[in-house]
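Everything below concerns the one structure shown next.
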There are 2 protein chains.
Amino acid sequence: MGTVQSLAEGAKLASRQVALLTTEQKNDLIYKIANALEENASMILAENRRDLDAAEQNGLRVAMIDRLRLTETRIHDMANGAREVAELPDPIGEVLEKRTLTSGVNLVKKRVPLGVIGIIFEARPNVTLDASVLCLKSGNATVLRGGKEAIYSNRAIVSVMRDVLSQNRVDPNAVCLVTDTSRDSANELMSLKGLIDVLIPRGGAGLIHSVVENARVPVIETGAGNCHLYIDREADLPCGVKVAVNAKCSRPSVCNAIETLLVHEDIAKEFLPVMQNALSEYNVELRGCPKTCEILSNITPATAEDYATEYNDYILTVRVVSSLKDAVDHINRFGTLHSEAIITKNLQTAETFMNTVDAAAVYVNASTRFTDGFEFGLGAEIGISTQKMHARGPMGLRELTSCKYYLYGSGQTRD
Amino acid sequence: MGTVQSLAEGAKLASRQVALLTTEQKNDLIYKIANALEENASMILAENRRDLDAAEQNGLRVAMIDRLRLTETRIHDMANGAREVAELPDPIGEVLEKRTLTSGVNLVKKRVPLGVIGIIFEARPNVTLDASVLCLKSGNATVLRGGKEAIYSNRAIVSVMRDVLSQNRVDPNAVCLVTDTSRDSANELMSLKGLIDVLIPRGGAGLIHSVVENARVPVIETGAGNCHLYIDREADLPCGVKVAVNAKCSRPSVCNAIETLLVHEDIAKEFLPVMQNALSEYNVELRGCPKTCEILSNITPATAEDYATEYNDYILTVRVVSSLKDAVDHINRFGTLHSEAIITKNLQTAETFMNTVDAAAVYVNASTRFTDGFEFGLGAEIGISTQKMHARGPMGLRELTSCKYYLYGSGQTRD
């Protein structure tokens with residue numbers, strides 16, 4: 001029996017207790033966790049320092065080290081994030097349906113926790129707290145498997161949480177951390193059918209691909225975002241420029257930023273130079289299709305690979321298309337079912353685009369950057385699902401639940 | 001490129017057309033399919049005869065041959081089943097949520113089709129029609145991979161459906177049949193990430209296990225049912241006997257029949273002999289725990305393997321337990337998350353049982369045999385999910401859908 005399996009067995013047992021906690025009990029635990037986190041800030045920062053030292057020694061990229069870094073302020077923000085989750089409505093116990101069957105049996109369909117949620121993530125220690133608090137609020141136990149870069153920080157945060165659980169007579173295995181950060185431990189976690197009810201990978205395309213390929217347990221695929229903005233021939237061009245700049249440049253490293261701009265040929269000559277000028281302020285590198293390269297000078301020709309690439313950087317592919325259908329076909333071929341937008345004044349065109357493009361979120365005249373649990377009003381987010389099963393788009397508390405049929409009879413049997 | 005992949009690519013294209021059909025168009029197609037099925041009954045029966053001949057030559061079990069057999073009446077029933085699906089409300093387009101975000105963007109969350117649904121099933125040609133009609137009504141395309149025993153019947157039924165689609169200018173690839181019935185074709189279907197949005201296995205434990213182990217696409221696990229009935233110390237004993245007989249004997253071959261009876265020790269001596277007598281009318285073989293064997297004479301001792309076995313036959317394991325907790329622990333150890341029941345007059349005990357037993361459907365004082373899409377009022381059923389993600393319990397039209405966020409802006413960008 002592997003170490004991860006015994007952790008998950010512990011989490012399974014704990015999940016049965018956590019599922020029965022009242023809203024008040026869960027909120028009380030979350031507030032206590034938030035307070036304990038702040039009280040233990042210096043310990044957590046000291047452990048985080050060990051991760052940072054190792055990261056610097058190992059020559060990690062600056063962006064990676066930044067994600068890893070905790071500060072007093074950051075810990076305070078994490079604690080407040082947890083308190084906000086406590087304030088959210090509890091999804092558990094909600095009656096989804098209620099009816100009397102022809103047999104006279106009374107059926108009540110209720111929202112229940114999923115059970116044990118596995119989370120595999122990379123070097124962001126704040127995920128440790130965010131994810132386990134969301135799981136706790138939704139009545140689930142969590143098995144966390146973070147990256148080796150954040151192991152000391154993760155251990156510190158999890159130990160604070162487990163102490164609070166124990167002190168309040170809740171099985172601390174409701175929050176488990178896999179401390180073995182080898183590839184083997186990740187593979188073992190993915191194989192624990194019957195113990196892990198849902199596995200959520202959070203991280204880069206490589207991690208997500210590996211989980212989808214190897215998991216034997218149900219997975220919710222998250223994160224990959226090869227998003228597009230299509231400027232229709234009936235677009236308001238200043239609106240198109242403004243949205244393009246925002247969708248590309250406001251935070252290029254995130255999944256809801258755009259990677260490719262599609263432009264209708266009728267307005268390409270007018271639109272592209274203005275857009276190039278606006279994007280040049282952010283030093284965005286443009287890679288263009290042949291028609292784009294004819295209109296704009298000094299840009300790199302785009303390859304087929306470019307169309308399929310999520311740059312997460314100040315790079316934008318530009319393609320001129322001859323129709324709405326071409327734009328939709330391009331997106332349905334290269335998109336990752338995340339967020340897609342059209343700029344147009346024609347509402348009929350907008351509806352056709354939105355109905356035929358396959359994505360979690362489809363926009364007209366707005367930036368794809370809004371695809372986010374907080375922006376969508378879910379109050380929280382554990383990731384953005386890019387699959388169609390179970391959850392689609394930003395996942396909040398409700399997406400961490402299942403349902404259960406309760407049937408009340410008085411001796412009914414079936415013919 | 002494999003054959004199955006090219007089929008699935010065709011289905012993916014067709015799915016985009018099917019997703020946009022109106023309710024009226026879909027219902028019209030389904031009625032025409034039902035009529036065409038009856039009009040082509042003699043052709044279908046002749047093809048079915050070829051399957052039956054092969055089955056007899058290959059010495060298939062009688063039960064298997066019975067499942068394979070079509071008759072005029074059976075075809076008429078299948079057609080009427082399709083007409084009933086046409087009468088059901090269309091889940092597609094339902095507005096699930098609607099709000100204006102703080103940015104002023106209007107959000108509408110709508111129900112949409114999943115896309116392409118793969119179905120792997122065994123020797124029941126009626127599944128071919130049932131499943132594709134349910135998928136069509138919910139706006140999905142289907143790739144069917146039935147067993148080799150039913151290949152001629154399946155080809156005949158699918159050709160009738162595809163003709164109706166073509167005649168009505170709908171891409172016939174909305175219903176695709178994998179005619180290669182080798183294991184390779186099943187494996188290829190399971191690997192088609194990006195083409196198959198959800199894969200539903202329908203059949204025995206071996207098939208389902210193989211799909212869960214090997215699939216790279218999202219799967220909804222169905223069917224396995226190791227169900228229990230617990231007779232509490234405060235049970236109405238005649239009610240317990242009646243429900244036990246119904247849950248075991250009304251149709252032992254199906255997944256919602258019980259396989260194990262758990263009896264509280266306080267009433268075991270009184271209950272077990274009466275129950276044994278009632279079950280003897282159906283020649284049910286009992287396999288008992290040591291305490292059961294002390295109370296009842298002439299019964300086989302149960303092994304640990306018995307507790308984990310879904311007999312689908314007139315065999316019942318009996319175990320005496322010393323508490324509600326023991327009963328729940330037994331179920332949570334050996335159950336398959338399908339249907340579990342308690343007989344008790346104590347509503348508090350019932351609630352505890354129902355809240356702590358992990359199953360899609362939990363019953364008090366009623367037979368587990370009610371777990372069924374029709375009985376639950378869903379109007380149809382494509383299978384019974386025994387996983388917690390996406391769908392749980394009987395799956396009707398709504399369980400064949402996903403959702404999509406539509407966002408209407410007027411140039412909004414994110415800070």
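Condition first: of a type in the set (Gly, Ala, Ser), buried (at least 18 other Cβ atoms within 10 Å of the Cβ), in contact with a helix residue (DSSP H, G or I) (Cβ under 6 Å, 6 or more places away or on another chain) and modelled with pLDDT under 95. Can you find one or more residues in region A:206-221 that meet it? Within region A:206-221, one or more residues are of a type in the set (Gly, Ala, Ser), buried (at least 18 other Cβ atoms within 10 Å of the Cβ), in contact with a helix residue (DSSP H, G or I) (Cβ under 6 Å, 6 or more places away or on another chain) and modelled with pLDDT under 95.
Checking B:ASP313, B:ASP326, B:ASP306 one by one, the residue that is at negative phi, among the charged types (D, E, K, R) and at pLDDT below 95 is B:ASP313 and no other. Pairs are defined by a Cβ separation below 9 Å, a sequence spacing of at least 6 or placement on different chains, a first member in region A:172-201 that is under 26 Å from A:LYS26 (Cβ atoms), and a second member that is acidic (Asp, Glu) and part of a helix (DSSP H, G or I); the pairs so defined are A:PRO172/A:ASP163; A:ASN173/A:GLU9; A:VAL178/A:GLU188; A:LEU192/A:GLU9; A:LEU195/A:GLU9. Of the set (1) assigned to a strand (DSSP E or B); (2) open to solvent by 10 Å² or more (accessible area, probe 1.4 Å), all apply to B:VAL241 but (1). Among the residues in region B:23-43, are any of a type in the set (Val, Ile, Thr), open to solvent by 80 Å² or more (accessible area, probe 1.4 Å) and in a helix (DSSP H, G or I)? Looking for residues that are of a type in the set (Val, Ile, Thr), open to solvent by 80 Å² or more (accessible area, probe 1.4 Å) and in a helix (DSSP H, G or I), one finds none in region B:23-43, hence no.
Annotation: of all residues in region A:85-126 being at the interface with chain B (Cβ under 10 Å from one of its Cβ atoms) and of a type in the set (D, E, K, R), the one that is farthest from A:GLY147 (Cα to Cα) is A:ARG99.
Scanning region B:387-415 for residues that are more than 8 Å from chain A (Cβ to nearest Cβ), touching a strand residue (DSSP E or B) at 6+ places or on another chain (Cβ under 8 Å) and open to solvent by less than 10 Å² (accessible area, probe 1.4 Å) yields a count of 5.
The rows are residues; the columns are (1) in contact with a Lys or Arg (Cβ under 8 Å, 6 or more places away or on another chain); (2) more than 9 Å from chain B (Cβ to nearest Cβ); (3) crowded, with 24+ Cβ neighbours inside 10 Å; (4) modelled with pLDDT under 95.
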{"position": "A:PHE334", "(1), (2), (3), (4)": "no, yes, no, no"}
{"position": "A:GLU340", "(1), (2), (3), (4)": "no, yes, yes, no"}
{"position": "A:ALA350", "(1), (2), (3), (4)": "no, no, no, no"}
{"position": "A:THR356", "(1), (2), (3), (4)": "yes, no, no, no"}
{"position": "A:ALA361", "(1), (2), (3), (4)": "yes, no, yes, no"}
{"position": "A:SER367", "(1), (2), (3), (4)": "yes, no, yes, no"}
{"position": "A:PHE374", "(1), (2), (3), (4)": "no, yes, no, yes"}
{"position": "A:GLY377", "(1), (2), (3), (4)": "yes, no, no, yes"}
{"position": "A:GLU381", "(1), (2), (3), (4)": "no, yes, no, yes"}
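With respect to (1) under 25 Å from B:ILE331 (Cα atoms); (2) of a type outside the set (Gly, Ala, Ser); (3) more than 9 Å from chain A (Cβ to nearest Cβ); (4) under 22 Å from the mean Cα position of the chain (by Cα), the lone exception for B:GLU221 is condition (3). All of (1) in contact (Cβ under 8 Å) with a residue 60 or more places away in the chain; (2) in contact with a strand residue (DSSP E or B) (Cβ under 6 Å, 6 or more places away or on another chain); (3) not charged (D, E, K, R) hold for B:ILE157 with one exception: (2).
Does A:ALA235 count as within 13 Å of chain B (Cβ to nearest Cβ), among the small types (Gly, Ala, Ser) and either outside any loop (DSSP other than H, G, I, E, B) or closer than 30 Å to A:ALA11 by Cα (or both)? No. For region B:169-187, the criterion of being under 30 Å from B:GLN348 (Cα atoms) and either of a type in the set (Ser, Thr, Tyr) or within 14 Å of chain A (Cβ to nearest Cβ) (or both) is met by none of the residues. Could you say whether any residue in region A:194-208 is within 12 Å of another protein chain (Cβ to nearest Cβ) and in a helix (DSSP H, G or I)? Yes, region A:194-208 contains at least one residue that is within 12 Å of another protein chain (Cβ to nearest Cβ) and in a helix (DSSP H, G or I). Restricting attention to region A:179-205, the residues being within 20 Å of A:GLU259 (Cα to Cα) and either surrounded by fewer than 17 Cβ atoms within 10 Å (Cβ to Cβ) or modelled with pLDDT of 95 or more (or both) number 2.
For region A:134-163, filtering for residues that are part of a helix (DSSP H, G or I) and open to solvent by 10 Å² or more (accessible area, probe 1.4 Å) leaves 8.
The values are calculated or read from the model by the stated rules, or taken from the named source; none is laboratory data. Computed from a predicted structure; not experimentally measured. Ideal geometry is used to build each Cβ from the backbone, glycine not excepted, and the neighbour counts take in all protein chains shown. Areas reflect the complete protein model, heavy atoms only, side chains present, ligands, DNA and RNA absent. Shrake-Rupley method; radii C 1.70, N 1.55, O 1.52, S 1.80 Å.
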